[in-house]
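**Student:** Starting off with a structure, shown below.
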Amino acid sequence: MNAEVQARAQAHARSLLAVLGTAQRHGQTALRRVRERAGLYALATGCTALALTLPMVLLLIVQSVGDQVDDWRESYYFTVYLDPAVDDAEGEALAAGWRDTGDVRNTTLITRAQAAADFAAATGAGDLIAALGENPLPVVIQVWPALAQSDTDEVLALVARLRDSDGVDEIDTDLVWLERANAVHATLQRASWLVAALLAVIAVALVGSHIRQQLAALSDEIALSKLIGATDSTLRAPFWIGGALIGLFAGLLAAVLAVVTLGVLADPVAAIAASYQSNFELRPTAFWALVPYVLASVVIGVIGAGVAIETRLRRIQPA
Amino acid sequence: MIQCEHVSVRYARAGANALGNVSFHMPSGSMGFLTGASGAGKSTLLKLLNAVVQPSGGRVTVNDTDTASLTRKSLPGFRQRIGSVYQDNTLLTDRSVHANVALPLDIIGMPAHESAGRVRAALKKVGLLDAASFNPSELSGGEQQRVAIARAVVNRPDVVIADEPTGNLDRELSREIMRLFWELNQSGVTVLIATHDDEMVEQMEMPVIVLDAGNLVYDGFAEAEA
């Protein structure tokens with residue numbers, strides 16, 4: 001039994017080594033072709049990188065805007081004014097009850113006395129309340145909706161539910177700026193993905209065009225290889241790898257260019273935001289955050305190579 | 001073994017048969033010539049043998065494989081067992097003689113350290129071991145053709161087919177190339193050479209298949225068997 005297991009393990013190991021050996025061979029062929037035509041590969045990589053830089057910059061800006069909107073959303077709360085008849089203890093009970101629900105992240109109770117003190121501090125008219133003899137200000141609860149509620153409709157649904165609670169007099173939502181921020185973010189996001197999709201198609205075409213040129217330049221070698229028994233995978237793999245390499249290096253170059261571009265834009269953007277009393281800034285991007293873009297670029301390279309291989313390789317005779 | 005049974009080939013554009021009802025049987029380990037004037041169908045017949053062209057009618061069998069049964073997957077393995085030599089030698093000028101000869105071994109995935117010995121042996125056989133690092137363009141026509149022969153045999157094929165391998169060479173070089181094919185045949189490989197060099201064919205005293213306008217007009221193998 002042991003011998004059988006050992007034999008099977010050895011067979012698997014041999015298969016794995018054979019696959020690795022084949023992959024290594026294809027990789028070496030691809031690298032040899034890159035070396036032989038380094039200038040053309042560099043040109044294709046550079047053009048592809050330029051095509052990918054713009055969408056990468058846009059998507060990183062959108063990410064910054066999104067982070068900023070998230071911050072705003074996180075700090076967003078609405079104010080619930082309770083009936084004048086509701087006292088501090090009842091208000092605290094209401095606030096605590098709301099905190100236990102999933103759509104409320106936090107609540108803060110502002111007692112009547114605290115409201116009067118805040119009013120006095122803000123307006124300097126503390127004497128006015130004292131002159132009335134009785135504090136006319138209601139108990140107030142500040143409500144922070146749960147973070148998952150990114151949609152203002154969800155916030156409005158929460159507000160409608162709380163408004164039906166006993167003891168609630170009025171709710172001040174002040175949602176307009178949040179709606180604007182959400183709308184701006186959604187528009188930017190959509191526009192950026194649209195631009196990214198269009199430029200990704202251009203990048204696919206650039207890589208495809210380069211691989212087509214490679215196929216044309218190597219048509220004699222391919223025809224000869226077919227005649228002496230090259231398999232489809234043997235012929236295709238180096239071109240797949242070539243496309244992936246263009247995508248990888250174009251993605252890395254585009255990532256560097258995008259980071260540099262954001263760095264150059266950071267100060268002017270912050271200055272513009274400050275002039276509108278906003279603390280918005282283009283946030284520095286961590287390397288790991290760029291990895292998905294580089295991987296997407298590799299996929300673009302592979303797709304470009306695939307399109308070229310499928311359309312061109314079959315035309316090279318013999319079959 | 002090479003066998004053609006009532007084989008015909010009709011190219012749609014040409015309108016006429018490139019080959020018509022050709023039948024012959026070439027036993028394993030034999031050597032022979034395929035002759036005929038230009039346009040007689042020699043190249044078409046050789047293309048049938050490595051399945052570059054499929055017959056319009058009849059059956060072609062090489063190494064016990066009916067070429068009509070080949071699939072996209074099985075075709076490469078079939079071709080790996082056939083060595084091909086062409087008049088224009090089809091060497092790749094962007095790599096060395098060694099790399100050219102190693103190409104069939106690269107294709108089957110033989111590791112470089114294993115293929116190096118086979119390439120050296122093949123180059124030694126054709127007398128070009130010292131030229132391994134040269135570029136093919138640095139060699140004479142005869143030497144290039146010897147490199148092509150080394151490439152055709154490096155994978156130890158069962159059958160070697162050659163299409164006008166001495167077409168561009170002078171008499172002396174042609175004799176040298178033919179000697180190489182003969183030595184190859186002596187090691188058990190089936191060798192079929194298409195040529196229009198009648199003098200060479202007479203000198204070699206091997207069975208001959210003669211084509212004329214796509215028709216088989218003489219079958220030296222059948223004659224030899226009889």
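**Student:** Counting other Cβ atoms within 10 Å, keep those with at most 13, restrict to DSSP loop, and tell me which GluC sites (Glu not before Pro) in region B:117-226 are left.
**Tutor:** Working: sites: B:E138, B:E143, B:E172, B:E176, B:E183, B:E199, B:E202, B:E205, B:E223, B:E225; in loops: B:E205.
Hits after loop and neighbour filter: B:E205.
**Student:** A further question follows. May I ask for the angle, rounded to the nearest 10°, between helix B:112-125 and the longest principal axis of chain B, with both axes built from Cα atoms and the value confined to 0 to 90°?
**Tutor:** The angle comes out near 70 degrees.
**Student:** Report the relative contact order of chain B, percent, no decimals, based on alpha-carbon pairs under 8 angstrom and at least 6 residues apart. Please list the in-between numbers first.
**Tutor:** On the way: 434 pairs, mean separation 68.1, N = 226.
Worked out over chain B, it gives 30 percent.
**Student:** Continuing with this model, one more query. So what J values fall out for region B:184-192 if you push phi through Karplus, 6.51 cos²θ - 1.76 cosθ + 1.60 with θ = phi - 60°, rounded to Hz, Gly and Pro as x?
**Tutor:** 4, 5, 5, 8, x, 7, 6, 10, 10
**Student:** Given an 8 Å cut-off on Cα distances and at least 6 residues of separation, report the relative contact order of region A:167-298 as a percent.
**Tutor:** Here the relative contact order equals 24 percent.
**Student:** Now a separate question. Diagonalise the Cα gyration tensor of region B:49-163 and give the resulting equivalent ellipsoid semi-axes, square root of 5 times each eigenvalue, largest first, whole Å. Don't skip to the answer; put the middle values down first.
**Tutor:** Values: eigenvalues 153, 48, 25 Å².
Computed over region B:49-163, the values are 28, 16, 11 Å.
**Student:** Under 5 Å between amide hydrogens, which residues at least 5 positions from B:G167 or on another chain qualify, with H placed 1.01 Å from N in the peptide plane?
**Tutor:** none
**Student:** In addition: What residues does region A:17-35 have that are buried by at least 40 Å² of accessible area in the full protein assembly compared to the chain on its own, 1.4 angstrom probe?
**Tutor:** A:R25
**Student:** With a 1.4 Å probe, what is the total accessible area buried between chains A and B, in Å² rounded to the nearest 100?
**Tutor:** Working: alone 17790 and 10730 Å², together 26880 Å².
Using a 1.4 Å probe on protein heavy atoms, the buried area is about 1600 Å².
**Student:** Considering only protein heavy atoms and a 1.4 Å probe, what is the carbon-and-sulfur percentage of the accessible area of region A:1-125? Please list the in-between numbers first.
**Tutor:** On the way: 4210 of 6880 Å².
Here carbon and sulfur together make up 61 percent of the probe-accessible area.
**Student:** I've got another one for you. Between A:A122 and A:E281, how high is the FRET efficiency from 1/(1 + (r/R0)^6) when r is the Cβ-Cβ distance and R₀ = 30 Å? Nearest 0.05.
**Tutor:** Details: r = 29 Å, r/R0 = 0.98.
Efficiency at R0 = 30 Å is approximately 0.55.
**Student:** Each label point is 7 Å from the Cα along the Cα-to-Cβ direction; what then is the distance between the points at B:D88 and A:Q28, in nm?
**Tutor:** Result for the modelled spin labels: 3.0 nm.
**Student:** Largest first, please: the extent of the C-alpha atoms of the protein assembly as shown along each principal axis, to the nearest Å.
**Tutor:** Here the Cα extents, ordered largest to smallest, are 136, 60, 49 Å.
**Student:** Round to a whole number: what % of the accessible area of region A:194-319 belongs to carbon and sulfur, probe 1.4 Å? Each step should come with its number before you reach the end.
**Tutor:** Values: 4410 of 6050 Å².
Answer for region A:194-319 is 73 percent, counting heavy atoms of protein chains only.
**Student:** Longest span of chain B, sites excluded, free of trypsin sites (Lys or Arg not before Pro) in DSSP loop with at most 14 other C-beta atoms within 10 Å?
**Tutor:** On the way: sites that count: B:R13, B:R72, B:K73.
Answer - B:74-226.
**Student:** Moving on to the next point. In debye, nearest 20, what is the charge dipole magnitude of region B:1-82 about its Cα centre with +1 on Lys and Arg Cβ and -1 on Asp and Glu Cβ, if you could check? Numbers along the way, then the final one.
**Tutor:** On the way: 9 positive and 3 negative charges, 69 e Å.
About 340 debye.
**Student:** Keeping every protein chain present and rolling a 1.4 Å probe, give me the accessible area per residue for region B:136-196 in Å². Don't skip to the end; give the middle numbers.
**Tutor:** Details: 2210 Å² over 61 residues.
Per-residue accessible area for region B:136-196 comes out at 36 Å².
**Student:** Still on this structure: Can you pull the Rg over Rh of region B:19-95, Cα-only, Kirkwood? Could you put the intermediate results ahead of the total?
**Tutor:** On the way: Rg = 13.8 Å, Rh = 14.2 Å.
Ratio of gyration radius to Kirkwood radius for region B:19-95: 0.97.
**Student:** A further question on this structure: Can you find, among A:P84, A:W72, A:A3, the residue farthest towards the positive end of the dipole of region A:1-86? Put +1 on the C-beta of Lys and Arg, -1 on that of Asp and Glu.
**Tutor:** A:A3
**Student:** Counting only DSSP beta bridges with both residues in the protein assembly as shown, tell me the antiparallel percent, nearest 5. If you can, show how the numbers build up before the last one.
**Tutor:** Values: 31 of 48 bridges.
Bridges in the protein assembly as shown are about 65 percent antiparallel.
**Student:** Using the Karplus equation 6.51 cos²θ - 1.76 cosθ + 1.60 (θ = phi - 60°), what ³J(HN,Hα) coupling, rounded to whole Hz, does each residue of region A:7-16 give in order, writing x for Gly and Pro?
**Tutor:** Whole-Hz 3J(HN,Hα) from phi for region A:7-16: 5, 5, 5, 5, 5, 4, 4, 5, 4, 4.
**Student:** Once you sort the root eigenvalues of the Cα gyration tensor of region A:1-130 as a ≥ b ≥ c, which label holds: rounded (a/c under 1.5), prolate (a/b larger than b/c) or oblate (the other case)? Display every interim value, and only then the final one.
**Tutor:** Details: a/c = 7.81, a/b = 2.27, b/c = 3.44.
Cα axes put region A:1-130 in the oblate bin.
**Student:** DSSP loop (so not H, G, I, E, B), at most 15 other Cβ within 10 Å: list which chymotrypsin sites (Phe, Trp or Tyr not before Pro) in region A:248-319 pass both filters. Please list the in-between numbers first.
**Tutor:** Numbers: sites: A:F249, A:Y276, A:F280, A:F287, A:W288, A:Y293; in loops: A:Y276, A:F280.
Here the chymotrypsin sites (Phe, Trp or Tyr not before Pro) that fit, given the DSSP loop and packing criteria, are A:Y276.
**Student:** What FRET efficiency, computed as 1/(1 + (r/R0)^6) with R0 = 51 Å and r the Cβ-Cβ distance, is obtained for B:S137 and B:H25, rounded to the nearest 0.05? The partial results should precede the final answer.
**Tutor:** Working: r = 41 Å, r/R0 = 0.80.
Calculated transfer efficiency: 0.80.
**Student:** Evaluate the relative contact order of chain A (contact order divided by residue number), counting alpha-carbon pairs under 8 angstrom at least 6 apart; express in whole percent. Can you show the working numbers first?
**Tutor:** Details: 364 pairs, mean separation 85.2, N = 319.
Value for chain A: 27 percent.
**Student:** What does the convex hull of the Cα atoms of chain A come to per residue, in Å³, rounded to a whole number? Before the final figure, lay out each step's value.
**Tutor:** Details: hull volume 71.4 nm³, N = 319.
Considering the Cα atoms of chain A, their hull volume per residue is 224 Å³.
**Student:** Further, regarding this structure: Out of every Cα pair in region B:18-58, what percent are spaced more than 11 Å from each other? Don't jump to the answer; show the numbers that get you there.
**Tutor:** On the way: 582 of 820 pairs.
So the portion of pairs separated by more than 11 Å is 71 percent.
The values are calculated or read from the model by the stated rules, or taken from the named source; none is laboratory data. Just so it is clear, the model here is predicted, and its values are computed rather than measured. FYI the Cβ positions are ideal-geometry reconstructions off the backbone, even for glycines, and counts take in every protein chain you see. With ligands, DNA and RNA removed, areas are computed over all heavy atoms of the protein, side chains included. Shrake-Rupley method; radii C 1.70, N 1.55, O 1.52, S 1.80 Å.
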